[in-house]
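First the structure, in the form of structure tokens, and then the observations on it.
Please treat every number below as a calculation from the coordinates, not as lab data. If you're wondering where the values come from, they're calculated on a predicted model, not measured in any experiment. Counting neighbours? That spans all protein chains shown, and the Cβs are built from the backbone with ideal geometry, glycine included.
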Amino acid sequence: MTHIETDDSALPANTPVMRTRALADSPTLAAKAVQFLSERQFSFGLEKEDAQCVVPYLRLVSFASNTFLYREGDSTKTSYMLLLLEGDVSVDTGASGRADRVAISVLGPGALIGEMALLDGAPRSTSCTAVTPVQAAGMSQGGLELLAKEQPAVAFKLMVFLARHTANRLRGLGEQLHMYDQLIANLHREIDQLRANKNHRG
């Protein structure tokens, strides 16, 4: 597989817990990336040949357990996304205002994270922490731009893939929020009933 030098300045810098190198240098993990990108989830996935074309533009990023992949509110080096290849990642947020962070979900191999920031470079909206050692395929904005220049048809398909993936994730989040609203409404009804019973006995 041909190795293409991409601009990975947006990816996490080399540290004892985070390391990057060309994904194509690891055939086994590159094959996993192709598999995940071409899976027919949500009735859409890249063709295998297109997924293989994307691989040279990806960087392999390694994280030790209990380290951050992203930090909520971070506005530096945000223009990249990660495709999880191995390991599990906890997604949490402090948006509720509570002192302790609220876990939203745990993601595993095949999950995409940070794809919205790849497009707009906006600050991270959640924090992602490696629950176990993690191997991920990273694409920076520079890598995406190079793909668009050299493989425009593949880049277009990848963008459609990311857009549909994001839309489905947002739809799922909306369903979660609806469920939480129903739970809160039920709790309020139970509290009102308890108060009414107390006043009746009083």
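Some notes on this structure:
- Leu183-Asp74 pseudo-label distance in nm [points 7 Å out on the Cα-to-Cβ vector]: 2.8
- Linear extension gain, Thr166 paired with Ser105, 0.36 nm per residue minus alpha-carbon span: 20.4 nm
- Stretch gain in nm, segment Asn199-Met159, where the contour uses 0.36 nm per residue and the Cα spacing is subtracted: 8.5 nm
- Full extension of the chain between Glu150 and Asp25 gives 43.0 nm of extra length, using 0.36 nm per residue less the Cα-Cα distance.
- Among Lys149, Lys48, the order by Cβ neighbours within 10 angstrom, fewest to most, reads Lys149, Lys48.
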